Amino acid sequence: MTELTRRGLGRAALAGALTASAFPAIAQDSNPIRIGYSMSLSGGLAANGRSALLAQRIWAEDVNARGGLLGRPVQLVTYDDQSNPANVPSLYTKLIDVDKVDIVTSPYATAMIAPSMPVVMQRGMTYVSLFGAGVNERLKYNRYFSMNVTGDDIKGTYARGFLECTKMLPNPPRTISILAVDNDFAQRAAESVRTLAREYGLRIVYDRSYPPSTVDFTPTVRAIQAARPDVVFFASYPPDSNGILRAVSELRMTAALFGGGMIGPQIAAVQAQLGPILNNLVNWDVYSPEPTMKFPGVDAFQEKYRARAPQEQTDVLGNYLQPYAYAQMQVVEQALARTGKVDQAALAEDMRANSFGTIVGDIRFSALGEWAKERNLFVQFQNITDGDLEKYRKPGTKVILYPPELKSGSLKTPYGAPA
Amino acid sequence: MDPTVSLLLNGIVSGLLLGGLYAAAASGLAVSFGMLDIVNIAHPALMVAGGFAVILIGTALGLDPLLVAVLQAPVFYLLGTGIYRAYNHFFERRGDEALQGLAFFFGVMFIIEVGLVMLFGPEQRFLDPDYAFVTWRLGEIDVPLRMLAPALLAMAAIGALWLFLTRSFTGLAIAAVAQDPEALRLMAVDPVRIKRMAFGISVALAAVAGGALVVVQPIDPSSHHVFIGRVFAICIMGGMASLSGAVMAAFLFGVVENVTATFYGPSWSPAVAFGWLLLVLAVRPQGLFGRAA
Amino acid sequence: MSATTLPAPAMPTARLHLSYWLGAGALAVALILLLRLIGNEYGWYAGYFVLQYVVLAAAWNILGGYAGYVNFGAAGFMATGSYTTIVLYEALGLGVIPGILGAAVVAGLLGLGTGYLTLRLRGVYFSIATLSLSVVLQTIVVNWDYVGGSRGAYIIRPMEVPPFASYGEYIFVVMLVLAVIAVGIGRTVEFSRLGRGLQAIRDNERAAEAVGVPTLRLKLIATTLSGALMGVAGAPLPFYAGYLNPEGAFNLAYAVNAIAMPLIGGAGTWLGPVIGAVLLATLQQAATVTISSALNLWIVGWMLVIFVALFPRGILGWFRRR
């Protein structure tokens, strides 16, 4: 077995070194390692799902160019779950039972990961998930590993970075408002800020949720404005993040510290549309091209990603979940390389025990399979004059304020220029 | 001004502006659904398709989205007559419109939404004219042009439609076809031709509404889901065949939604708006502004 | 089989019913044996996916097909069933079977409530009312923390249920039994006085009333029965997926398929929804695992349009005419 593997590896490496187009040849004559998962390529989650898939395809090409894994080429087997959780269980049984994939990884986002869990658990598959939040809290599956920065205790840690920024303000703020969309991640974010607010001496003066079908945010923003909060926390999803920030600018709302856990400003299309409205927004994020986050390999990945994003009609920058989708596969890659075989128990053992060097930094997993140390970034948008996206490729536009070890600039206040 | 009064006034004004957008979306449906009895559930999807066309053309030629919306209306009129031809040929003529016709438009809705995903991808698209970032202030009341301009366009389009329906022979014939197609036939007017024109007009209005939508918010292929329930609710509350009723209902719907959001939080505003519709249906099925049958 | 598909009033009804139950039972057993022979977990899961639509389509057909009242809110009823299961699980730790019974009761009561709406609402007004009902229900669930609100609810299902080989097989068999029952109920309705009354309502409600058909009572029975069965269709879903959130439970696909499947198969006949559901759901499942892009939904849309245009009475109606 080892003999054969080593020889195979050498041959594949040679082929990979000779020419990149040699890959189809390898795929035909050797038995590939098949990695299966579903992704949302249509429906509400498709925008992120498609760009995650592109990132993972780039990973597979990189690996195959290096000669594959364990001497075998890597093949991705993917299905479109149409952003519908009800499709997920049957797709995962298909992957495991019919396609007989060697490894399964997860779809994108909690709502899609959760319905895959019973199937995956029943088969004892080692499972690396992408951007799930608290999926394993109740299931406590010991072969679950999560590629997401939020860590074990979302409630106790998520909003801390945002609230830490209040200490950077010239005058200590007294009041805070909370508005969150009715979905899993935003509600967890709101719960976190609710729990931690008192610790930072903040009184909650507005605390409400809104349904995802909201068209006009003007009345809601005005009600928040009437409560006169010093700190404003939104937890929203696209396209609502857009609607909220437009309404905020129309009503000339200002606050000493403004932002929160808005999903949307991380996305290139939203950055292009909102332009200077984003100035001084302090928002949760996972990646920013600041010098403090130049992990090995991330530049090379983004260069490849950006070259292909336009024709694949996905996010043109790849500054959000894309590096994490790549890193998700790197975890699988490194565990396979270390254990030397496709053995679910051994893989899980390896993932529990070791740390992983990825393009999003070094990662170690906790007992629950989350990141042992959470890394919620809070970034501030600065110096934006227009919707041109070029500046988002460079440092200085999304300045990291938290965590301290990645900090790359200082807080500007307030949000929203007074009239 | 007392803060509560200011909140209430602003809630009402923003509700009226939102109502303007709803009126744009619902006016075409008031023609097809209200007057022709065609349950075009794909109407909001056509509106979003119109929005995508606006973004595509507007970006390419550097034109204002509302202008493009008006310019492209004739093309959508032709599309509408085409859809009606198919609908009439396969369903109406056979007397199958109730169930099968509904399923047909369900299918059309699916085809449009997924077709847009395949053409443009699932990402949000936008085209903002400069004025969309301007807000007028009248005392303590804010009027964002992002909401006002589409509302004004909607009113202009609906006004033109009203003039057409009440002043021109064809318009009168459209109003009459809802009541009694046989009478039209006696007047040597082909009811099918009249209906085809009316349906074309309703789709053209959807295209105009698409332009209005683009100014208000970025759109993606599934943006129409939010509007399906609302526009039908508005047509029913408005009393079906009544254009003015639909406009009134649209404003009322917007105001109820936004005043609820102001004072009780946005969480309950759809339930309040739709609960209210259920109540109207249970107590006064002919709609708030409709005449008793 | 063909003898039972055609309405044969000359035959004694009791024998007709017996032949259905025996035939359906035999078919079900054969299906289980066949899938066991294939010995593939995916078979159970894909089968469940198809069968849930058989139940849903059969349920919709009772009101929509026979009485002509088009329910746009099928997703709302189905979600009512799913969330009843979740409540029973959270509160009492109950499993699938009690969940199904509970779902039948709750969704049936909801159906009865909708039935009172039909006192005044006809045609498309009724449809819009059911659509609104679905929106209101979704808002309630989203704001209801006990069932997880917008975060969704997790159900930790047992790894296996003896004597079944796996949980997948168990949940499949449960759904298969439900499908046989639902279709059987639809069939019983069709050949009973209730069914004839409903058909009279569909053809001309005022005339039916004038000749002494108790339209009100029949409609209430139909809405209750249809609602209860739709709830039943959704009841095992939380156990099937292990997780449910409002977006999944109120998915537009359920509302679309509940209407499309009976229409494609042949609305107003007991077999039509079965044919439509098996055909369309299998196609959707197959497209999901083969074409795997936005294209597969596109095909469903075109299928629907082409079928209703060319076969206005459904597949069944087309065959009968020949």
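Cross-link reach is defined here as a Cα-Cα straight distance under 30 Å, omitting same-chain residues fewer than 8 places apart; for A:K100 the lysines meeting it are A:K140, A:K341.
Ordering B:T260, A:T385, C:T223, B:T81 from the fewest to the most neighbouring beta carbons within 10 Å gives A:T385, B:T81, B:T260, C:T223. Where Rh is the Kirkwood radius over the Cα pairs of chain B, the temperature 25 °C and the viscosity 0.890 mPa s, what D in µm²/s does Stokes-Einstein return? Once the numbers are plugged in, D ends up at 126 µm²/s.
Given Cβ point charges of +1 (Lys, Arg) and -1 (Asp, Glu) and nothing else, what value in debye, to the nearest 20, does the dipole of the protein assembly as shown about its Cα centre take? Write out the running numbers ahead of the final one.
Details: 74 positive and 66 negative charges, 274 e Å.
Rounded to the nearest 20 debye, it is 1320 debye.
For the protein assembly as shown, adding -39500 (n - 2.57) for each run of n ≥ 4 DSSP H residues and dividing by the number of residues yields -19000 deg cm²/dmol at 222 nm. Determine the shape class of the range A:153-193: with a ≥ b ≥ c the square roots of the Cα gyration tensor eigenvalues, call it rounded for a/c under 1.5, and otherwise prolate if a/b is greater than b/c, oblate otherwise. Taking the square roots of the gyration eigenvalues as a ≥ b ≥ c, the range A:153-193 is oblate. Based on C-alpha pairs under 8 angstrom that are at least 6 apart in sequence, chain B has a relative contact order of 37 percent. What you get for the range C:15-253, charging only the Cβ of Lys and Arg (+1) and of Asp and Glu (-1), is a dipole of about 740 debye around the Cα centre. A cut-off under 11 angstrom between Cβ atoms defines the neighbours of A:D299, and their net charge, with Lys, Arg +1 and Asp, Glu -1, is +3. For the range C:107-191, the list of GluC sites (Glu not before Pro) that fall in a loop by DSSP and count at most 14 other C-beta atoms within 10 angstrom reads C:E160.
Which of B:C235, A:C165 comes first, and how do the rest follow, when ranked by fewest Cβ neighbours within 10 Å?
A:C165, B:C235
Think of the range C:71-219 as having a plus end and a minus end, set by charges on the Cβ of Lys, Arg, Asp and Glu; of C:V124, C:G186, C:G148, C:V124 sits farthest toward the positive end of this dipole. Ordered by the number of other Cβ atoms lying within 10 Å of each residue's own Cβ, fewest first, A:R123, B:R85, A:R246, B:R146 fall into the sequence B:R85, A:R123, B:R146, A:R246.
Stokes-Einstein D for the protein assembly as shown at 4 °C, 1.567 mPa s, Kirkwood Rh over Cα pairs, in µm²/s?
Answer, rounded: 43 µm²/s.
In straight-distance terms, cross-link reach from A:K94 covers every one of the aspartates and glutamates whose alpha-carbon lies under 18 Å from its own, apart from those fewer than eight places away in the same chain; here that gives A:D80, A:D81, A:D102, C:E41, C:E169.
Per residue of B:3-12, other chain Cβ atoms within 10 Å of the residue Cβ number 2 on average.
Stokes-Einstein, applied to the Kirkwood radius of the range B:1-133 over Cα pairs at a viscosity of 0.890 mPa s and 25 °C, places its translational diffusion at 143 µm² s⁻¹. Which of the lysines could a cross-linker bridge to A:K304, judged by Cα under 19 Å and excluding same-chain residues fewer than eight apart? Within the straight-line cut-off, A:K304 pairs with A:K294, A:K391, A:K394. Comparing chain C with the 2.2 N^0.38 Å rule of thumb, its C-alpha radius of gyration ratio is 0.97 (two decimals).
Read-outs: derived from the displayed coordinates by stated rules, not from any lab. Every value quoted in this text rests on a predicted model; they were computed, and no experiment measured them. In this analysis, Cβ positions are derived from the backbone assuming ideal geometry, glycine residues included, and neighbour counts consider all displayed protein chains.
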